[in-house]
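The values are calculated or read from the model by the stated rules, or taken from the named source; none is laboratory data. Model, not experiment: these values are computed from the prediction. Cβ atoms come from the backbone with ideal geometry, glycine included; neighbour counts cover every protein chain shown.
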Amino acid sequence: MPELPEVETIRRELEALVCGKTFTEPVLHMPSTIKRPAAEEFSTRLTGQRIERFDRRGKYLVINLDRGILVVHLRMTGNLSYSANGLPYEERFLRVSLPFSDGSALHYSDMRRFGRLWLVEDEEELETEVLKRIGPDILNEVDLEKFLELLGRRERSRLKALLLDQGFAAGMGNIYTDECLYRCSIHPRRQAGTLSRSEAEDLYAAIQEVLADGIEYGGTTFRDYRNASGAIGSFQSKLAVYGRKGEKCRCGTPIEKTKEAGRGTYYCPNCQK
Ligand SMILES: [Zn+2]
């Protein structure tokens, strides 16, 4: 499932490729992919709009147009790719094609079909209808002070569940949460309120570092994730605990896998306190 680094990788690629382009009429291969407005109205309203800016909030791509905002959430297996000649590089799971007036196109494909697209009129509709339960972006909108304040409001929450909670802060998923808790040697079941000031600072630093590293390596590809040009990420080779059950930690203890917040969770029982 794409997390912040994967979505940011796609955003950076597409920002350079599609800003200034104008949409022609979309092709909805699977109309139920469009969450808002109704599919027909989505097509009518998107046609003729120009892309001005390519943003992101957590795992949502937020594409600012001249008369609205197009939002894409990839969920489990969604992929938004760019094609210079307009042809999709794979047609099997193609759900929505978004051609531009110059013959190029964006294609949304999704094997599991959980991803969604929205077209809203303005920031207010974006906040109330699409991002209403989504917290600030953990990379761009949460500094250390804000992070400590957010932690203070959720003292009883266990850290694994808290970091996965997109309402707390947006962007972290299962892989990067396990990696950052390992980096700062904090146990995934710890409650936020039990962290000392220096542990909370270490956790904040670990989150920022692991996300920056993930972006630097173009994201993590286990199975499905592809960037906007169809290439895989390479951060999977840098993972210290995720997917490494039974392998030895740097301390010599085998990495364990347990279940936290309903998700497979990897950690070192010796290093993480
Ligand atoms: Zn260890």
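At-a-glance table
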read-out: Flag for residue 92 being surrounded by 15 or more Cβ atoms within 10 Å (Cβ to Cβ), outside the structural domain of residue 228 (by TED's automatic domain parsing) and not hydrophobic (A, V, I, L, M, F, W, C); value: no
read-out: Criterion (assigned to a helix (DSSP H, G or I), free of Cβ contacts under 8 Å to residues at least 60 places away in the same chain and more than 18 Å from residue 136 (Cα to Cα)) met by exactly one of 202, 178; value: 202
read-out: Any hit, the range 243-259, residues being within 24 Å of residue 200 (Cα to Cα), loosely packed, with under 14 Cβ neighbours inside 10 Å, within 13 Å of the ligand (Cβ to nearest atom) and among the hydrophobic types (A, V, I, L, M, F, W, C); value: yes
read-out: Complete set of residues in the range 7-38 that are crowded, with 19+ Cβ neighbours inside 10 Å, β-branched (Val, Ile, Thr) and in a strand (DSSP E or B); value: 34
read-out: Total residues in the range 50-72, condition under 12 Å from residue 21 (Cα atoms) and outside any strand (DSSP E or B); value: 1
read-out: Selection count where residues are closer than 14 Å to residue 205 by Cα, part of a loop (DSSP other than H, G, I, E, B) and touching a helix residue (DSSP H, G or I) at 6+ places or on another chain (Cβ under 6 Å), scope the range 139-156; value: 1
read-out: Candidates 237, 229, filtered to the one that is away from the ligand (no atom under 11 Å from the Cβ), in a helix (DSSP H, G or I) and in the same structural domain as residue 176 (by TED's automatic domain parsing); value: 237
read-out: Residues of the range 212-237 satisfying the condition of being more than 19 Å from residue 78 (Cα to Cα) and either touching a Pro at 6+ places or on another chain (Cβ under 6 Å) or surrounded by fewer than 15 Cβ atoms within 10 Å (Cβ to Cβ) (or both); value: 212, 216, 237
read-out: From the options 56, 50, 67, 92, residue that is basic (Lys, Arg), more than 15 Å from residue 230 (Cβ to Cβ) and touching a Ser or Thr at 6+ places or on another chain (Cβ under 9 Å); value: 50
read-out: Filter pass, residue 42 being crowded, with 19+ Cβ neighbours inside 10 Å and either in the same structural domain as residue 167 (by TED's automatic domain parsing) or over 25 Å from residue 139 (Cβ atoms) (or both); value: yes
read-out: Meets criteria (under 16 Å from residue 241 (Cβ atoms) and surrounded by fewer than 21 Cβ atoms within 10 Å (Cβ to Cβ)) for residue 199; value: no
read-out: Every residue from the range 260-270 that is of a type outside the set (Asp, Glu), more than 11 Å from the ligand (Cβ to nearest atom) and either touching a residue at least 12 places away in the same chain (Cβ under 8 Å) or touching a Leu at 6+ places or on another chain (Cβ under 6 Å) (or both); value: 261, 263, 264, 265, 266
read-out: In the range 165-176, the residues that are crowded, with 21+ Cβ neighbours inside 10 Å and touching a strand residue (DSSP E or B) at 6+ places or on another chain (Cβ under 7 Å); value: 170, 171
read-out: In the range 114-128, the residues that are closer than 15 Å to residue 61 by Cα and part of a helix (DSSP H, G or I); value: 123, 126, 127
read-out: Selected residue (criterion: nearest to residue 49 (Cα to Cα)) from residues of the range 73-113 that are assigned to a loop (DSSP other than H, G, I, E, B) and hydrophobic (A, V, I, L, M, F, W, C); value: 84
read-out: Test: residue 13 is over 24 Å from residue 168 (Cα atoms) and among the acidic types (Asp, Glu); value: yes
